[in-house]
Each structure stands twice: as structure tokens, then as C-alpha cells.
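Have a look at the structure below before the remarks.
The values are calculated or read from the model by the stated rules, or taken from the named source; none is laboratory data. Predicted, not measured: the structure shown is a model, and the values here were computed from it. Note that each Cβ is placed from the backbone with ideal geometry, even for glycine, and that neighbours are counted across all protein chains shown. With ligands, DNA and RNA removed, areas are computed over all heavy atoms of the protein, side chains included. Shrake-Rupley method; radii C 1.70, N 1.55, O 1.52, S 1.80 Å.
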Amino acid sequence: MRPRDPDEGIAGPDVASRSAIIAAVHTGRALAGILPLLPRSIVWAVAKRYVAGPTLEDALRVTAELARRSRLVTLDVLGEQFDSREEVMSMMAEYERALGKLEHDQPSATLSVMMTGFGLRLDPHLCWENLRRLSKDAADRAIGLTVNMEDSSTVDATLDIYRRLRAEGFNGVGLVLQSRLRRTLDDLAALAHLRPRVRIVKGIWHEPESVAYLDAQTIREKYLAILEGLIECGGYPEVATHDEWLIERSLGLLAGLSPAQYEYQMLLGVTPKRGERLIAGGHRLRVYVPYGEDWYAYSLRRLRENPEMAQYIARDTIVELFTAR
Ligand code: FDA
């Protein structure tokens, strides 16, 4: 479904929802709980800093703008947890279309993919066949591909597919490792001989203590341990974080490498000023640019992840939208 452009006119929520929203914003209550009450057009007004738009053309426009400002880009077609073959194949077709465009317009861009968007839960064999085909098409065009990491129940299958892709010679494929998960340093040790390209993240999924560290400082320290492990094995680290503490310490660990041997990564719309400073300091920065019809669920997740930011945006945007009319 295409988001309505805010300029097309905003259909407000009903009176009760509207009052609840304004009250929540004014009293400082977390916005997350009231987000689903909002009409999509209003969520879009908030979300558009995080999402390029519903179409590939939107993503290419944002990519070109970022490229003008010396940022690299990775594109993500929004959509995951598909439960029909049709949805999976239409996702596949969209990635193929993106590949075709990037080859000509933005050859330094990469693609990021979600296993469940390619059918992992529906049919693991279909998922493998899709990933293999996309990896080949990406390799033919010299475009990098990164396999995102989802919740802990998908890690074994994701690592297995990554290993099989590398065994078939698709060396342009990278993967994501989450510092939150207790298993990750062991996973990295088992992959070290491949000198992998790894995007290091804290991990966005809520996980139980049995599989994940819950303490924020431990998650940070494990993040740095993964980075050290990657540097040691000669892999290519992609430091994906907006956490100033981690950025500062990672800069220290990366000081012995040339800027071509690593990169920083940030989400579209998040801490752009910090990104600017990294670029000014001579580091490479890749921005994660999500796009697609599924922008709504993605946006709610981003805003829930950072209620403080949601609250801040709420004051700027939502109150204005509701009260200035
Ligand atoms: P932290 O959450 O502590 O954020 C530090 C500061 O950054 C916050 O205080 C805030 O100022 C700002 N910030 C962070 N997130 C924000 C947001 N959404 N809106 C506004 N401000 C925000 N996860 C995963 O499980 N699998 C994956 O494949 C990926 N892929 C991925 C790619 C890229 C390029 C990035 C940057 C991140 C991911 N993630 C991910 C998400 C990652 O796991 C993590 O949830 C977020 O990056 C937030 O963690 P930080 O390290 O930024 O720290």
C-alpha cells in the first residue's frame, strides 16, 4: 500500500484518538503505545526521515542525494516474514530490478536482504535458491550483498546459507552479527578463515537472557570484541552503530587500518551530524536506505526502538499537525 503524501491532505484520527495522542505527547508518555492509533499519513510524516519511500525510484533519488554528500548506500526492500510464495517471488523481482538500476546508476551501492523475506520460514530450499540466484546476479554486476540477521531462531539457518554462498565462490556476500547474542564470538571464530565482511550491530530483536546479554554495557563490550576479532582475522568490519561510546572506541581500534579496510554504517535519518563528522575525518560511511510498500511496519519498529526520539519528533510534528489546523 502506498503511503499518502502528507501534502495530499491529512485525514486526522477520530476525536478520541486525537485527544489520547495529544495527551500522551504533552504528558511525555511513550509514543510507542499510541502509534498504531495514528492514520498512516501521520505516521508517514514522522517516518519519512527513516524511509526513502514506497518505490525504487524514491530509493534511487535518496541514494543519489546521499552520494552527492559522499555517502555510500545499502538498499533494503522492506518486507519480511512472508507466508506466501507470491510475496517472496515479488520481493525477489524487486531486488532484481534494484540490481539492474544500481549497476548503471550507483555501482558502489550494496543490497541488504532479510532471509525471511526470501522465504526462510516458508520453504528453506526456496530461500536458498533465491539467495543463490540473487548472489550470482549481484556478483555479475559487481554489487555487494549483505545478509541481515533476524531473531535468534534464524541464526543457524542464516549462517548456513552464508557459508554455502561463500563455498560457491560468492565472495561479495557479507553478513550481520549481533553483539547482543551470547553465541556471536563463537560464530565469528568459526567464520574467521573466510575473512568475512561483517556488519556488526547490537541486535534489534528482544531476546531472552538464555541466549542474549541484557546489560547495555556488556553488549557494547562484546561489540568491540567482535570488531577486534574481525580485524585480527583480516575480515572487513562494517561498524554499524550510532552509539557515541562505541564510535569513539572503534576509531581507536581501527586506527592501524587504512580507510579502505573498513566502513561505518548508519540508518537513514539517524544521527546524520555524527555521520558527517566521520566523513570529514576521512572514514567511509554507508547509509542504510530502506524503501518499499512495507514502510509502515518498519517505521513503527524504528520509532518503538527509540521512544525518546519518537517523543521529540512527536512534539515537532504531531502536535503541529493536530493543533495548527
Ligand atoms: P543505541 O541503540 O544505543 O543508539 C545510540 C543512539 O543513536 C541513541 O541514543 C539515539 O540517539 C540514536 N538512535 C539509535 N537508533 C535510533 C533510531 N531508530 N531513531 C533515532 N535515533 C536513534 N539489527 C539487527 O538485529 N539485524 C540487522 O541486520 C541490522 N542491520 C542494521 C544495519 C545498519 C546499517 C544499522 C545502523 C543497524 C542495523 N541493525 C540491525 C540495528 C541495530 O541492531 C541496532 O538496533 C541499532 O543500530 C541501534 O543501536 P546503536 O548501536 O545505534 O545503539
Quiz prompt | Tabulated pairs, segment 82-94, first of a type in the set (Ser, Thr, Tyr), second open to solvent by 60 Å² or more (accessible area, probe 1.4 Å), C-beta under 8 angstrom, 6+ apart or interchain | solution = 84/122
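Within segment 145-185, restricting attention to residues that are in a loop (DSSP other than H, G, I, E, B) and hydrophobic (A, V, I, L, M, F, W, C), which residue is most open to solvent (accessible area, probe 1.4 Å)?
Restricting attention to segment 145-185, the residues satisfying the condition of being in a loop (DSSP other than H, G, I, E, B) are 148-151, 168-172, 179-180, 182-183.
So of that shortlist, the ones also hydrophobic (A, V, I, L, M, F, W, C) come out as 149, 170.
Details: 149: 17, 170: 34 Å².
This residue is 170.
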Self-check item: The one condition in (1) open to solvent by 10 Å² or more (accessible area, probe 1.4 Å); (2) under 23 Å from residue 288 (Cα atoms) that residue 263 fails to fulfil
Solution: (1)
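This table checks each residue for (1) out of contact with any strand residue (DSSP E or B) (no Cβ under 8 Å at 6 or more places or on another chain); (2) open to solvent by less than 10 Å² (accessible area, probe 1.4 Å); (3) not assigned by TED's automatic domain parsing to the domain that holds residue 259.
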residue: 65; (1), (2), (3): yes, no, no
residue: 68; (1), (2), (3): yes, no, no
residue: 71; (1), (2), (3): no, no, no
residue: 78; (1), (2), (3): no, no, no
residue: 88; (1), (2), (3): yes, yes, no
residue: 93; (1), (2), (3): yes, no, no
residue: 103; (1), (2), (3): yes, no, no
residue: 110; (1), (2), (3): no, no, no
Quiz item: What about residue 275, is it surrounded by 14 or more Cβ atoms within 10 Å (Cβ to Cβ), at pLDDT 95 or above and assigned to a helix (DSSP H, G or I)?
Solution: yes
Self-check item: Scan of segment 238-272 for residues that are outside any loop (DSSP other than H, G, I, E, B) and either touching a residue at least 40 places away in the same chain (Cβ under 8 Å) or outside the structural domain of residue 60 (by TED's automatic domain parsing) (or both), ordered by number
Solution: 238, 240, 263, 265, 267
